[in-house]
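Below is one structure, written out as structure tokens, with a few remarks after it.
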Amino acid sequence: MSGLYTQIVSKLLFPLHERLKKHDTVKIRKSLEKSQWLDPETLKQQQSLRLQKFMQTVYKNVPYYRQLFDSANISPNDITCAEDLVKLPFLDKSKISANFDQLKSDAAGPLARFNTGGSSGQPLIFLLGNERVSHDVAEKWRATRWWDVDIGDKEIVAWGSPIELGAQDKVRLIRDGLFRSELIPAFDMTEQKLLSFLKTIRDTKPKMLFGYPSVFDLLAKTAKQQGMEMNNLGIKVAFVTSERLYPYQRESIEEVFGCPVANGYGGRDAGFIAHQCPEGGMHLSYEDIVVEIVDTHGNPLPPGQSGEIVVTHMGTSEFPFIRYRTGDIAVMSDKKCACGRGLPMLESIEGRSTDFVVAADGTILHGLSLIYILRDIKSIEAFKIVQETKQHTHVQVVSKTGEVDKQTQNIIVTGIQARLGEEVSVTVESLTEIAPEKSGKYRYVISKVSVT
């Protein structure tokens, strides 16, 4: 049962805030909380009807898609369900960049310019309207409430996006104060700042944490090293997103903060794609987003097989994302979750295609195979592995003892060569710190070798 103040925020102040911003968030969230309990067949029927309507709207108002349909001799009526999307070509960053003006709907309301962090390469610039924002906020809100917390409960947010941090003007600060949400910037994570953040969490006693798994894992490690108790603060859940959540991070965060970790998967470009429920299911935002899993040739894959995630976001009629290639790798599930929701699930999220490395013989390995080599070395504080080519891998290391000694270097080199091939050259660079990406995210493995 939420406290009185939380109820005032979630039922009065936040709905008023959304209405003033011309967002339909509350109405959408209420609809989503009903539809999540429908059986998969009924959900599928509803998704198909919405997809048909979306295609009609896009064809009527978006020059790029009107021309695409006409030149391919396809009618919007030919897209009746998710399976029919194969009739349309993929959308990717280069196509969005090349056709930016043509992708804007003639009937669009006010649109805001956004960009991705560019942690996987070139940043993407795109436009978001009230429709898209309303659906994304509603999806996130629904998933938040699965964990018996709500908007208005005390929250600590660890974030690094310049967009969020740049918006910390007086209005934003007042709003966050009213909603009891406190932002800690996830840049320059020095020991002094980490200790300061831990003190903020202890003093605030939030109901929930939200942010990058790498940051909360780092906070957990620091708390453990300092002997700080963090598991007696009444934290109900730690929502993590925007990076791949590794099993060791989940264990560390849950142990130190004494709460479950709820994984959320999505992106600024593709929207909130999937959220974890308390039973462990990674449920798709099925009412808003059509998810396809495709192989390296673009062919759809069945549940249980690993491939790239392609999304069609049906809340994007003002600047459409149709069959958008995310570059992320995942497996679709055909199981039903114990929670009783009819929403389909992802079986696993395996990271970006650049999170995989390629051995000298062409074998594709998950980056975890290299991560665990360095994680098991007690003297290593932080690291980053960059596979430059099949023949060369560069490793950046921050050692607790200052310089990386010869023995540690040998363990790293032989460990990586054992996995990638003895002929692979491995260079180890000793640093005092490893900076995050421009977005504030930390990436432990980056491969510049194509996995296709």
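Per-structure values
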{"item": "Filter result for ILE377 (over 23 Å from the mean Cα position of the chain (by Cα) and part of a loop (DSSP other than H, G, I, E, B))", "result": "yes"}
{"item": "ARG172 vs. criteria open to solvent by 30 Å² or more (accessible area, probe 1.4 Å) and modelled with pLDDT under 95", "result": "yes"}
{"item": "Qualifying residues in segment 55-80 (those that are out of contact with any Leu (no Cβ under 7 Å at 6 or more places or on another chain) and of a type in the set (A, V, I, L, M, F, W, C)) - the one nearest to SER105 (Cα to Cα)", "result": "VAL58"}
{"item": "Matching residues, segment 1-36, being more than 23 Å from THR316 (Cβ to Cβ) and surrounded by 13 or more Cβ atoms within 10 Å (Cβ to Cβ)", "result": "SER2, GLY3, TYR5, THR6, GLN7, ILE8, VAL9, SER10, LYS11, LEU13, PHE14, PRO15"}
{"item": "Residues located in segment 1-25, provided they are in a helix (DSSP H, G or I) and either in contact with a Cys (Cβ under 7 Å, 6 or more places away or on another chain) or touching a residue at least 12 places away in the same chain (Cβ under 8 Å) (or both)", "result": "TYR5, THR6, GLN7, ILE8, VAL9, SER10, LEU13, PHE14, HIS17, GLU18, THR25"}
{"item": "When residues of segment 80-109 are limited to those that are closer than 20 Å to LYS60 by Cβ and assigned to a helix (DSSP H, G or I), the one most open to solvent (accessible area, probe 1.4 Å)", "result": "ASP101"}
{"item": "Qualifying positions in segment 64-94 - at pLDDT below 95 and under 31 Å from the mean Cα position of the chain (by Cα)", "result": "ASP92, LYS93, SER94"}
{"item": "Top-ranked residue of segment 275-321 - restricted to ones that are among the small types (Gly, Ala, Ser) and open to solvent by 30 Å² or more (accessible area, probe 1.4 Å), ranked as farthest from the chain's Cα centre (by Cα)", "result": "GLY304"}
{"item": "Residue in segment 125-148 that is modelled with pLDDT of 95 or more, within 17 Å of VAL240 (Cβ to Cβ) and touching a Pro at 6+ places or on another chain (Cβ under 8 Å) present", "result": "yes"}
{"item": "Test: residue in segment 305-324 that is more than 30 Å from GLN102 (Cβ to Cβ) and of a type in the set (Gly, Ala, Ser)", "result": "yes"}
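The values are calculated or read from the model by the stated rules, or taken from the named source; none is laboratory data. As the structure is a prediction and not an experimental result, all values here were calculated from the model. As a convention, Cβ positions derive from the backbone with ideal geometry for all residues, glycine included, and neighbour counts pool all protein chains shown. The accessibility values were calculated without ligands, DNA or RNA, using every heavy atom of the protein model including side chains. Shrake-Rupley method; radii C 1.70, N 1.55, O 1.52, S 1.80 Å.
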